[in-house]
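S.K.: Quick one: the structure is below, and I'll ask about it shortly.
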Amino acid sequence: MLSASDLRRAVGGRDLWQGLNLNVAAGDRVAVTGPSGSGKTLLLRALAGLDPLEGGEVKLQGRSQSRWPMPEYRSKVMYLPQRPAFGQGTVLDELKRPFCLKIHSSRAFPLDEAERWLAALNRPDFLNLSVTTLSGGEGQLLALVRALLLGPSVLLLDEATASLDPDATRAAEAALDQWCAAGPVRALVWVSHDPAQRARVATRELPVVLR
């Protein structure tokens, strides 16, 4: 599905890592590990086509990242940051917004599915809240539901549940597990500072070692 070979990333003239390889198959749940400052976020952003690399190649479905139209690529390999950004309006407005983009416009907004995911996350009355009033954890849940509705092949999670309380974290993990298992070509790549969470959600780990 998604592969990376001989990746190199430098910041300020210093290599963070080099010779980094990754293969993500359907159904994989990969935890990216490493010390603070090792470039885990930069790796996820590079896999999503958001940041440049100094060397190496990323491929999706055997096709080089550089040969994909980037909107199509990012619809298939989606980055979920720790602090998602939103526009104005309600949660419902924000969930609908990406379906106005050309890459997603062929699909009608799946309101029933949105309501099911919100119920699974114990937020059944969430849709009419203003996004400007959401807490950090509520913003993470909104971003998670938005990503699940858009249906990427690979979801890159960068501390995407870090602001949630334990019950909400477990609900989010269960939703992601259910989403990943429900599709034939889906996978998760996690960055989490919590070793207990990594043990729960990951089938294997990818260490990122500072050079």
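S.K.: Under the condition of being touching a strand residue (DSSP E or B) at 6+ places or on another chain (Cβ under 8 Å) and within 15 Å of W117 (Cα to Cα), which residue from the stretch 149-176 is surrounded by the most Cβ atoms within 10 Å (Cβ to Cβ)?
M.R.: L176
S.K.: When the stretch 8-45 is examined, which residues are found to be assigned to a strand (DSSP E or B), out of contact with any helix residue (DSSP H, G or I) (no Cβ under 6 Å at 6 or more places or on another chain), of a type in the set (A, V, I, L, M, F, W, C) and within 19 Å of L80 (Cβ to Cβ)?
M.R.: L22, V24, V30
S.K.: OK, next. Of (1) in contact (Cβ under 8 Å) with a residue 12 or more places away in the chain; (2) more than 22 Å from L188 (Cα to Cα); (3) surrounded by 13 or more Cβ atoms within 10 Å (Cβ to Cβ), R97 satisfies all except one. Which?
M.R.: For R97, the exception is condition (1).
S.K.: Give the stretch 89-121 a look and list any residue that's in a loop (DSSP other than H, G, I, E, B) and aromatic (F, W, Y), or say none.
M.R.: Correct list: F109 only.
S.K.: Going through the stretch 46-63 one residue at a time, which ones are over 14 Å from V208 (Cβ atoms), free of Cβ contacts under 8 Å to residues at least 60 places away in the same chain and in a strand (DSSP E or B)?
M.R.: Those that are over 14 Å from V208 (Cβ atoms), free of Cβ contacts under 8 Å to residues at least 60 places away in the same chain and in a strand (DSSP E or B): G55, E57, V58, K59, R63.
S.K.: If you don't mind, another one. Of the residues that make up the stretch 127-137, is at least one within 20 Å of L60 (Cβ to Cβ) and either modelled with pLDDT of 95 or more or out of contact with any strand residue (DSSP E or B) (no Cβ under 8 Å at 6 or more places or on another chain) (or both)?
M.R.: There is no residue in the stretch 127-137 that is within 20 Å of L60 (Cβ to Cβ) and either modelled with pLDDT of 95 or more or out of contact with any strand residue (DSSP E or B) (no Cβ under 8 Å at 6 or more places or on another chain) (or both).
S.K.: Could you list, in sequence order, all residues of the stretch 64-81 that are within 20 Å of T41 (Cα to Cα) and outside any helix (DSSP H, G or I)?
M.R.: If the condition is that a residue be within 20 Å of T41 (Cα to Cα) and outside any helix (DSSP H, G or I), then V77, M78, Y79, L80, P81 are the ones that fit.
S.K.: Another question about this same structure. Can you list residue pairs whose Cβ atoms sit under 6 Å apart, with the first residue in the stretch 186-211 being closer than 14 Å to A25 by Cα and the second being acidic (D, E) and at pLDDT below 95? Count only pairs 6 or more apart in sequence or on different chains.
M.R.: A187/D28
S.K.: Additional query: Go through the stretch 1-32 and give me each residue that's touching an Asp or Glu at 6+ places or on another chain (Cβ under 9 Å), closer than 13 Å to L206 by Cα and charged (D, E, K, R).
M.R.: R29
S.K.: For the stretch 78-89, does any single residue satisfy the condition of being in contact with a Phe, Trp or Tyr (Cβ under 8 Å, 6 or more places away or on another chain) and crowded, with 19+ Cβ neighbours inside 10 Å?
M.R.: The answer is no; no qualifying residue exists.
The values are calculated or read from the model by the stated rules, or taken from the named source; none is laboratory data. These figures come from a predicted structure and were not determined experimentally. As a convention, Cβ positions derive from the backbone with ideal geometry for all residues, glycine included, and neighbour counts pool all protein chains shown.
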